[in-house]
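Just below is one structure, and these are the notes that go with it.
Derivation of every value follows stated rules applied to the coordinates shown; laboratory data play no part. Since the structure is predicted, the reported quantities are computational estimates derived from the model, not experimental observations. Cβ coordinates were reconstructed from backbone atoms using ideal geometry, including for glycine residues, and neighbour counts include every protein chain displayed.
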């Protein structure tokens, strides 16, 4: 596993606005505090989200983009890129793999953070079909697409984007976690990021209490003292 001191750039790839904030906003805040540049690549605009029937559905994509940008700022991220795919209809197509590969070649990160391509039967809510599709496509973009100069040749031919190998990939919500990050000291920033997703979280009762229970359980499972909070990941070498 690479030390954070070896990392200059991280690319986060998720299906929806708010996915990274539920799964990894604390970890992201620790990275940005350490001077690491973090970029978000969001596959959809979250246009199937929201809970208020009085909101015009045509306004949802703009609302959710703005919410994700505000949430990103709460954890020190200023670069958020949206691919514009349809929420609820995401598939791991060659087009999605190409579009993620484009962002990898643009950002040239040493580390990627993605969603699990494998269903977690213990936490089915973490395995939304869009999450699985985003995980499959992101992993395919990390390996082999983005590093292969002959994959998606239009990226080099038309856009001048040369191949790039991501050295390390972190996977959120994977059933076989092998690494934890203590986020206790930045939990407030995580909550601020989630509060920015008002269309998704404003109706949730005692969200903070639920998250403290969830991430407290992660911390106990990771062997941390009672009262600490942790996000957990599967970390794999992909260079």
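Points worth noting:
- Taking every C-alpha pair closer than 8 Å and separated by at least 6 residues, the mean separation divided by the residue count of the chain gives a relative contact order of 25 percent.
- Separation of the range 149-186 and the range 76-124, taken as the distance between their Cα centroids, equals 9 angstrom.
- With contacts taken as Cα pairs under 8 Å and at least 6 residues apart, the range 51-146 reaches a relative contact order of 30 percent.
- For the range 1-102: rounded, prolate or oblate by the Cα gyration tensor [a/c cutoff 1.5]: oblate
- Potential lengthening between residue 123 and residue 213 on full extension [0.36 nm per residue; Cα-Cα distance subtracted]: 30.9 nm
- Projecting label points 7 angstrom from Cα along Cα→Cβ for residue 54 and residue 167 puts them 5.2 nm apart.
- Gyration tensor verdict on the range 199-238 (Cα atoms; rounded if a/c is under 1.5, prolate if a/b is larger than b/c, oblate otherwise): oblate
- Compactness of the range 4-237 as Cα Rg over 2.2 N^0.38 Å, two decimals: 0.98
- Helices in the chain, meaning DSSP H runs of at least 4 residues, each add -39500 (n - 2.57). Divided by all residues, the mean residue ellipticity at 222 nm is -12000 deg cm²/dmol.
- Taking 101, 54, 199 and counting other C-beta atoms within 10 Å, the order from fewest to most: 54, 199, 101
- FRET efficiency estimate (nearest 0.05) - Cβ-Cβ, residue 154 to residue 220, R0 35 angstrom: 0.10
- Ordered by the count of other Cβ atoms within 10 Å of each Cβ, fewest first, 172, 191 give 191, 172.
- Difference of contour (0.36 nm per residue) and Cα-Cα distance, residue 1 to residue 89: 28.3 nm
- Gained length - residue 238 relative to residue 205, 0.36 nm times residue gap less alpha-carbon distance: 7.9 nm
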